[in-house]
Amino acid sequence: MLLFAMSFLLVILQPSTGQFPRVCANTQSLLSKECCPAWDGDGSPCGELSRRGSCQNILLSQAPLGPQFPFSGVDDREDWPAVFYNRTCRCEGNFMGFNCGECKFGFSGLNCTERQLRTRRNIFQLTTNEKNKFLAYLNLAKNIPSQDYVIATGTYTQMNNGSNPMFRDINVYDLFVWMHYYASRDTLLGGSNVWRDIDFAHEAPGFLPWHRAFLLMWERQIQKITGDENFTIPYWDWRDAEDCAVCTDEYMGGRHPTNPNLLSPASIFSSWQVICTRSEEYNSQQALCNATSEGPIRRNPGNNDKSRTPRLPSSADVEFCLSLTQYESGSMDKMANYSFRNTLEGFADPQTAISNPSQSGLHNALHIYMNGSMSQVQGSANDPIFVVHHAFVDSIFERWLRKHRPMLEVYPAANAPIGHNRENYMVPFIPLYRNGEFFKPSRDLGYDYEYLQEPALESFQDFLAPYLQQARQIWAWLVGAAVVGGIVTAVFTGLIKACQKKKRGTSSEIQPLLIESEDYNNITYQSNF
């Protein structure tokens with residue numbers, strides 16, 4: 001009955017965040033390279049008559065990229081989304097969406113002026129009804145076609161540069177599986193050649209902002225297809241876990257009684273079919289994943305390669321990671337040392353922050369531990385554990401943001417791997433989002449985590465605490481500025497007194513203080529934040 005009711009809601013509720021908008025997946029839009037659909041509210045492109053937005057040329061970042069991808073003009077994802085569209089809706093104020101038809105994350109109301117703050121909760125603290133509702137929502141998403149979005153089944157070249165569109169329908173859940181695949185797939189170079197050292201969602205600065213945006217879009221899709229505007233993704237706190245606590249039929253599916261690589265038939269997820277898991281097959285055929293079913297979810301938690309992932313992450317691992325002050329460093333890829341991002345992603349040792357891709361820590365450790373569909377990057381989102389796992393990873397990112405309070409400029413503006421500079425648009429999202437837009441506190445995006453919620457300030461000292469913390473971070477600069485200021489003041493005071501004495505007729509033995517102009521210009525003020 002619940003499933004029927006939710007299916008009925010689909011008729012009146014339109015999902016609106018994803019990949020290729022259905023209304024732009026046609027020859028006319030591809031040849032004109034324009035995706036500016038009309039907003040139903042007034043019938044004008046991008047809701048321009050209602051001042052929600054307008055059709056504009058996309059503004060691509062010109063910042064240099066890192067050396068990891070030595071090609072140009074061979075991958076549809078370069079300068080996303082310019083290969084497909086160079087004009088899209090640019091929304092004003094708090095409006096958002098491929099046609100400016102909805103509100104930015106954290107806002108609601110007819111004119112998107114009402115602030116909203118929802119709370120993501122620990123999956124084990126949900127009531128039985130709340131937990132069952134979450135599982136039903138997941139299953140609903142797996143069985144309802146996306147109304148507004150389709151996926152590409154061929155490259156732009158295979159589409160004959162737009163004159164032969166190649167798109168197909170997909171269900172809401174698999175839409176997100178496909179997007180995760182598309183962002184991390186290899187570059188097809190022709191023949192049987194591919195380039196593997198490329199990923200628009202992993203192994204670089206955009207890893208955390210990309211997945212933050214991904215979860216927000218997924219969350220909003222569930223809200224829309226169910227009509228439950230208060231829905232939030234629960235998280236699985238896996239710190240110090242001895243086993244996969246969510247791997248039971250009550251939650252995300254237990255182990256099959258006779259085949260340890262499959263899910264228990266008592267779990268609703270045992271009937272799910274995976275997509276986009278055969279990367280070598282796609283590469284050999286120089287083809288994209290077309291979302292054909294490829295068998296059941298595979299999972300065998302704990303029976304992984306112990307030499308690579310000997311244990312699940314500990315609280316100490318997380319705390320050490322949070323102590324790292326640099327968001328990104330060095331090559332800004334999986335070889336980066338002392339990088340918070342690389343350590344949390346799992347390519348650096350969670351006890352030293354030194355890069356060691358042969359080991360898997362923190363985020364990566366969970367994927368490897370699951371020993372199945374979750375363990376292969378391109379198809380990992382097939383397993384619904386992906387969602388509750390990444391919600392907790394995002395909460396650690398949030399803790400780091402609150403602890404260190406970085407300015408936007410901390411996120412690299414240039415020389416990151418392709419697609420990961422601050423102003424690059426995230427692949428493959430339409431509407432367009434830049435990496436830097438999600439390098440901000442979660443509360444600015446309309447959500448919080450239950451275990452991170454702060455109590456009301458109880459005293460003036462509590463009010464001052466964050467400002468005192470910032471002052472401590474720049475105290476060396478303040479002291480240095482004071483010292484230099486004192487020196488400069490002394491110099492000018494000496495000059496003034498010398499001039500005064502000269503005017504009064506000073507002794508010839510007394511010489512005025514001289515500072516050559518070229519020496520004065522060489523005085524510099526340096527600060528290290």
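A short reminder: the numbers here are calculations on the coordinates, not readings from a lab. Predicted model only: the values in this text are computed from it and were never measured. We place every Cβ from the backbone using ideal geometry, glycine too, and count neighbours over all the protein chains shown.
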> Where the centre of each part is set by its Cα atoms, how far does the stretch 309-375 sit from the stretch 394-459, in angstrom?
Replying inline: 18 Å
> Can you work out ³J(HN,Hα) from phi for every residue in the stretch 85-95, in order, using Karplus 6.51 cos²θ - 1.76 cosθ + 1.60 and θ = phi - 60°, giving whole Hz and x for Gly and Pro?
Replying inline: 9, 10, 9, 9, 6, 10, 8, 9, x, 9, 7
>> Starting from the 7 Å offset along Cα-to-Cβ, what nm value, one decimal, do you get for the label separation of Arg115 and Asp444?
In response: 1.3 nm
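Among bridges DSSP assigns within the stretch 21-452, what percent are antiparallel (round to 5)?
Beta bridges within the stretch 21-452, antiparallel portion: roughly 80 percent.
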> Toward the positive end of the charge dipole of the stretch 190-303, about the Cα centre and with charges on Cβ (Lys, Arg +1; Asp, Glu -1), which of Val274, Pro260, Gly206 goes farthest?
Replying inline: Val274
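Which FRET efficiency value, to the nearest 0.05, do you get for Thr128 and Ser314 by plugging their Cβ-Cβ distance into 1/(1 + (r/R0)^6) with R0 = 30 Å?
Details: r = 30 Å, r/R0 = 0.99.
E between Thr128 and Ser314, to the nearest 0.05, is 0.50.
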> Do you know the relative contact order of the stretch 244-384, to the nearest whole percent, from alpha carbon pairs under 8 angstrom that are 6+ apart?
Replying inline: 21 percent
> Quick one: in the stretch 409-457, what % of C-alpha pairs are over 19 Å apart?
Replying inline: 42 percent
> Which order, highest average first, do 368-380, 250-262 follow once you tally other Cβ atoms within 10 Å for each residue and take the mean per peptide?
Replying inline: 368-380, 250-262
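Divide, for the stretch 220-324, the radius of gyration over alpha carbons by 2.2 N^0.38 Å, where N is the residue count. Walk me through the numbers before you get to the answer.
On the way: Rg = 17.8 Å, N = 105, 2.2 N^0.38 = 12.9 Å.
In units of the globular-protein estimate, the stretch 220-324 measures up at 1.38.
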> Of the listed peptides 24-34, 324-334, 284-294, what is their order by residue-averaged count of other C-beta atoms within 10 Å, with the highest listed first?
Replying inline: 324-334, 24-34, 284-294
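With a/c under 1.5 counting as rounded, go ahead and sort the stretch 21-452 into rounded, prolate or oblate using the C-alpha gyration tensor (a ≥ b ≥ c being the square roots of the eigenvalues; past the cut-off, prolate if a/b is larger than b/c, else oblate).
Details: a/c = 1.28, a/b = 1.24, b/c = 1.03.
Rounded, since a/c falls under 1.5.
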>> If you average the alpha carbon positions of the stretch 124-159 and of the stretch 31-49, how far apart do those two centres end up, in angstrom?
In response: 26 Å
> Could you give me the ³J(HN,Hα) list for the stretch 162-177, computed from phi with Karplus coefficients 6.51, -1.76, 1.60 and θ = phi - 60°, whole Hz, x at Gly and Pro?
Replying inline: x, 7, 10, x, 10, 9, 8, 6, 7, 6, 4, 5, 5, 4, 6, 4
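Distance check, please: which entries in Lys104/Lys142; Lys33/Lys440; Lys33/Lys104; Lys224/Lys440; Lys224/Lys306; Lys334/Lys403 exceed 30 angstrom between their Cα atoms?
Values: Lys104/Lys142 25 Å; Lys33/Lys440 32 Å; Lys33/Lys104 25 Å; Lys224/Lys440 25 Å; Lys224/Lys306 41 Å; Lys334/Lys403 24 Å.
Violating the 30 Å limit, Cα to Cα: Lys33/Lys440; Lys224/Lys306.
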> Once a ≥ b ≥ c are taken as the square roots of the eigenvalues of the Cα gyration tensor of the stretch 164-246, is the result rounded (a/c under 1.5), prolate (a/b larger than b/c) or oblate (a/b not larger than b/c)?
Replying inline: oblate
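Computed FRET efficiency, Cβ-Cβ of Gln453 and Gln56, R0 35 Å: what is it to the nearest 0.05? Don't skip to the end; give the middle numbers.
Working: r = 39 Å, r/R0 = 1.10.
Here the calculated transfer efficiency is 0.35.
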> Which whole-number percent gives the relative contact order of the stretch 21-452, counting Cα pairs below 8 Å spaced six or more residues apart?
Replying inline: 20 percent
>> Can you find, among Trp236, Tyr251, Leu215, the residue sitting farthest towards the positive end of the charge dipole of the stretch 208-261, where Lys and Arg contribute +1 and Asp and Glu -1 at Cβ?
In response: Leu215
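On full extension of the chain, what length is gained from Leu189 through Gln286, given 0.36 nm per residue of separation minus the C-alpha to C-alpha distance?
Values: separation 97, 0.36 × 97 = 34.92 nm, distance 0.80 nm.
Here the segment from Leu189 to Gln286 would lengthen by 34.1 nm.
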> How do the peptides 298-304, 120-126, 86-92 rank, highest first, by the average count of neighbouring beta carbon atoms within 10 Å per residue?
Replying inline: 86-92, 298-304, 120-126
